[in-house]
Amino acid sequence: GKHSTMACASGIKVSPELQQSFSKAAEAGVRLFKLQIQDENLVEVASVPAVGSEKEDFSMLQEHCKSEAAYVCFRLDGQPAPAEWLFILYVPDFGPTIREKMLYASTRETVKKDLGFSFFKDELHLNTQDELTYESYQAKLTHDQAEAPVTADEVALKEEARAERDMSKQSTASVMFPMSDEAHSALVKLAAKEIEVVQLRLDVKDERIELTESAQLGSVEELRGRLPPDEPRFVYFRLADDKLVFLYTCPENSPVKLKMLYSTCKSALVDASAHLGISPAKSLELRDLEDLTTAYINEELNPQAAEAAAAPTITKAARPGRPGGRRLI
């Protein structure tokens, strides 16, 4: 028959009978639906009814994922109709031939498309049996939150919801995009004190951290003028007194998807930079670029001095008898 180009190199398709079988699986109380590629065809090899809760039934996966590669659809609790499934590509390190591994990888998108993208809430790619525990699934969820895009609209909706969650509780999970060579060498120069400013952006399309500027500081106000008003940025800058500041700017009107990505990348970037010898005296997060002033930075770096010297509103009563600006911190 004709093979759609979507099927990549493999040309393997889900038969109408198989589609029908899967669409009826949820109503029939099936918890686990397993497919394998046999003689260039996709075949249903197991259909197991639910026994307990999603968490209790998760151990079924251990029995059905051993030394052979498979696609496993595991039905999640919580939504009667349409059911939501976890899609698992299981390709053990030992067992399948290289050709089989490639075949399973190149047919994965077709399987999901033919069964119906919208049924799959999450996706796992696993290579060992010991990753098949409910705990590691939950940990993975908080980490990489569904790698494969579904439809553009669904991705946007999911990300919107996830970004809102991330913004409300600074997510502990962190994802590291690879860094471009330029970004890496700029950070090395910053550590060596050859430059004073490194400004970085996330390239969403290529999933990379890119350098947007490596320069001397000038003033904090000049730096502010070089930052975009409608997109987040990561900035390292060194002040005249040699103190290094890490700044994450996240303007309120930035796209939600960007806010989410930057917030999930932030701590991983700080960790990676630490390995290059960069340890900021202060890490700051700003939503309004107008707040980025020399006075604000000085205040953040020397709170006691700023309090003693400035703002009579705060320190009127406390001022007498204090050593003022010369306090060591």
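Each value in this text was obtained by applying a stated rule to the coordinates, not by laboratory testing. The structure displayed is predicted, hence computed values, not measured ones. When we count neighbours, we look across all protein chains shown, and the Cβ atoms used for this are built from the backbone with ideal geometry, even at glycine.
A compact table of results
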read-out: In Å, descending, principal axis extents of the Cα set of region 5-75; value: 40, 29, 18
read-out: With eigenvalues of the C-alpha gyration tensor scaled by 5 and rooted, region 41-115, Å; value: 24, 16, 9
read-out: Förster-model FRET efficiency, 45 Å R0, A281 and D93, C-beta, rounded to 0.05; value: 0.50
read-out: Extension reserve of the Q20-L289 stretch, reckoned as 0.36 nm per residue once the Cα distance is removed; value: 91.3 nm
read-out: Hz values of 3J(HN,Hα) by residue in region 96-106 - Karplus curve (6.51, -1.76, 1.60), Gly and Pro given as x; value: x, 6, 4, 4, 4, 4, 5, 4, 5, 5, 7
read-out: Length gained when the stretch R208-E194 is fully extended (0.36 nm per residue, less Cα-Cα span); value: 2.6 nm
read-out: Sparsely packed trypsin sites (Lys or Arg not before Pro) within region 15-99, loop by DSSP, other Cβ within 10 Å at most 15; value: K66
read-out: When the convex hull of its Cα atoms is projected in every direction, mean area for region 1-132 (nm²); value: 7.7
read-out: Burial order of peptide ranges 236-245, 181-190, 43-52 (average beta-carbon count within 10 Å, highest first); value: 181-190, 236-245, 43-52
read-out: Highest to lowest packing among 248-255, 14-21, scored as the average C-beta count within 10 Å; value: 248-255, 14-21
read-out: Antiparallel content of DSSP bridges confined to region 26-146, in %, to 5; value: 75
